[in-house]
Amino acid sequence: MEYRHELKFLVTDAQLETVRYRLKPLMRPDIHQKEGGYTIRSLYFDDFYDSCMRENEDGIDNRKKYRIRIYEGDDSVIRLEKKIKFRGMTKKVEADISRQDCLIYLSGGVPVLQGQDPVLKKELYGEIRARGMHPVTIVEYDRYAFVEPCGNVRITFDRNISCCERTESFLDRKILRMPLLPAGWHVLEVKYDELLPEYISDVLDLGSLQRTAFSKYWYSRNYSGV
């Protein structure tokens, strides 16, 4: 996957529902989601110096984050991901890992590498050995997604964004969650390749929405209650 544009907006309940109503005739729901959307849980890594958090805080343009992700609390499929931001655009690299490997990461260890392991797993191995990369926080939220092949557009509505400091509970069916936004506020993300089709841009009316650099990871590390 090449680098993509990624726009983020803070929206209220009313704004979110208005945008969703407008998009329904134009875009189709993500094929992997249920009728009401799906739940995403991510385990983020950082080094001993909190470099990822500080780079985000300072607005460093060329940066990356490692995370492990599961969906609907189901650990039958566990994905290791690296999200890269470069010159205002983003790219995601991912690879499946085993439950056993995930448990080793949660315990603060590093899985033994095998020859057939994906490059991303080997890369994280090097980061752990060189920089002390380790799990630092969990972020969980409910997502509803629309997709459109023209422009490779993906529009997501992220609700109930919350965090958990007990990283060892990542694979538990339920975790203790603390909200990151005030009640009634959510995040709308718009991702696309080269151009956002005009008929989608017009419906979104992006000029009326509150643009934000909201980072779920940064907010989870700086949680102070809402």
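Candidates 117, 50, 46: the one that is open to solvent by 30 Å² or more (accessible area, probe 1.4 Å) and out of contact with any Phe, Trp or Tyr (no Cβ under 7 Å at 6 or more places or on another chain) is 50.
Here's the yes/no breakdown for (1) farther than 30 Å from residue 112 by Cβ; (2) open to solvent by 30 Å² or more (accessible area, probe 1.4 Å); (3) small (Gly, Ala, Ser):
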{"site": "130", "(1), (2), (3)": "no, yes, yes"}
{"site": "135", "(1), (2), (3)": "no, no, no"}
{"site": "138", "(1), (2), (3)": "no, no, no"}
{"site": "152", "(1), (2), (3)": "yes, yes, no"}
{"site": "179", "(1), (2), (3)": "yes, yes, no"}
{"site": "189", "(1), (2), (3)": "yes, no, no"}
{"site": "195", "(1), (2), (3)": "yes, yes, no"}
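From the set of residues in the range 53-64 that are over 16 Å from residue 88 (Cβ atoms) and in contact with a Phe, Trp or Tyr (Cβ under 9 Å, 6 or more places away or on another chain), which is least open to solvent (accessible area, probe 1.4 Å)? Of everything passing the filter in the range 53-64, 53 is least open to solvent (accessible area, probe 1.4 Å). The range 115-226 holds helices (runs of 4 or more DSSP H) entirely within its bounds, and those carrying 1 or more residues that are more than 26 Å from residue 29 (Cβ to Cβ), more than 21 Å from the chain's Cα centre (by Cα) and free of Cβ contacts under 8 Å to residues at least 12 places away in the same chain map to 119-131. Being open to solvent by 60 Å² or more (accessible area, probe 1.4 Å), within 24 Å of residue 74 (Cα to Cα), out of contact with any strand residue (DSSP E or B) (no Cβ under 6 Å at 6 or more places or on another chain) and not hydrophobic (A, V, I, L, M, F, W, C) is true of residue 168.
Can you confirm whether the range 94-104 contains a residue that is within 21 Å of residue 216 (Cα to Cα) and open to solvent by 40 Å² or more (accessible area, probe 1.4 Å)? There is at least one residue in the range 94-104 that is within 21 Å of residue 216 (Cα to Cα) and open to solvent by 40 Å² or more (accessible area, probe 1.4 Å).
With the structure loaded, tell me whether residue 84 is surrounded by 12 or more Cβ atoms within 10 Å (Cβ to Cβ), hydrophobic (A, V, I, L, M, F, W, C) and more than 23 Å from residue 194 (Cα to Cα) or whether it fails that test. Judged against the criteria, residue 84 is not a match.
The values are calculated or read from the model by the stated rules, or taken from the named source; none is laboratory data. Because the structure is a prediction, the values reported are computed rather than measured. With ideal geometry, Cβ positions are generated from the backbone for all residues, glycine too; neighbour counts draw on all protein chains shown. Calculation scope for accessible area: heavy atoms of the full protein, side chains included, ligands and nucleic acids excluded. Shrake-Rupley method; radii C 1.70, N 1.55, O 1.52, S 1.80 Å.
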